[in-house]
Amino acid sequence: MILCVLLIVLAVFCLSAGAGFWLTFLFFLAGILGLWIAFRVATGGACLILDEAGFTKKTVFTSHRVDWVGVSAFAVAETWPKVAGFAKKVVAFRRLDAEEPDMFSAITDPFNPAKGFGHNYDMEPDHLADLLNDYRAAALKASMQGEEGQKTSEISPQGDY
């Protein structure tokens, strides 16, 4: 956010110093766009929502919905390139309904954000992978059992344990 504010201040100084309109406009546009992205991230515009049927991965610009039955197990993968400021390990998965060479293509295809996670949502990658695998397993198990196969406390056998 500080960089964005500095870009806007730089645009004002460039305009007052007589710099070209397009140079000033580019600084101003970059600052405003950066502030908008920071605001969207801070207010929950980028998040991961888990439910019984699947998960929704929202980014600042897009939203992708994936069903639990349509993905493989989640695993931790090393990212490339190793650039400061970006996660070194992220959670990857494979879409079962899509033709992908392997699960790690989820992080090597930067032009398709529907294929993987770009960050770890302020969690350790191992913890996030375990959480997603546990949630997926519970959701798939519940969908296999259905309503009629579940026991309630009224019909469960009672006795000494």
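The values are calculated or read from the model by the stated rules, or taken from the named source; none is laboratory data. What you are looking at is a predicted structure, and each value in this text was computed from that prediction instead of being measured. Please note that ligands, DNA and RNA were not included when accessible areas were found on the heavy atoms of the full protein model with its side chains. Shrake-Rupley method; radii C 1.70, N 1.55, O 1.52, S 1.80 Å.
Summary table below
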{"quantity": "Full-stretch length increase - ILE49, LYS88 - with 0.36 nm per residue and alpha-carbon distance subtracted", "calculated": "11.8 nm"}
{"quantity": "Net length gained if the chain between ALA17 and VAL41 were fully extended (0.36 nm per residue, minus Cα distance)", "calculated": "5.3 nm"}
{"quantity": "Order of exposure, largest accessible area first, which applies to TYR135, TYR121 with probe 1.4 Å", "calculated": "TYR135, TYR121"}
{"quantity": "Accessible carbon and sulfur surface of the range 16-80 relative to its total accessible area, %, 1.4 Å", "calculated": "72 percent"}
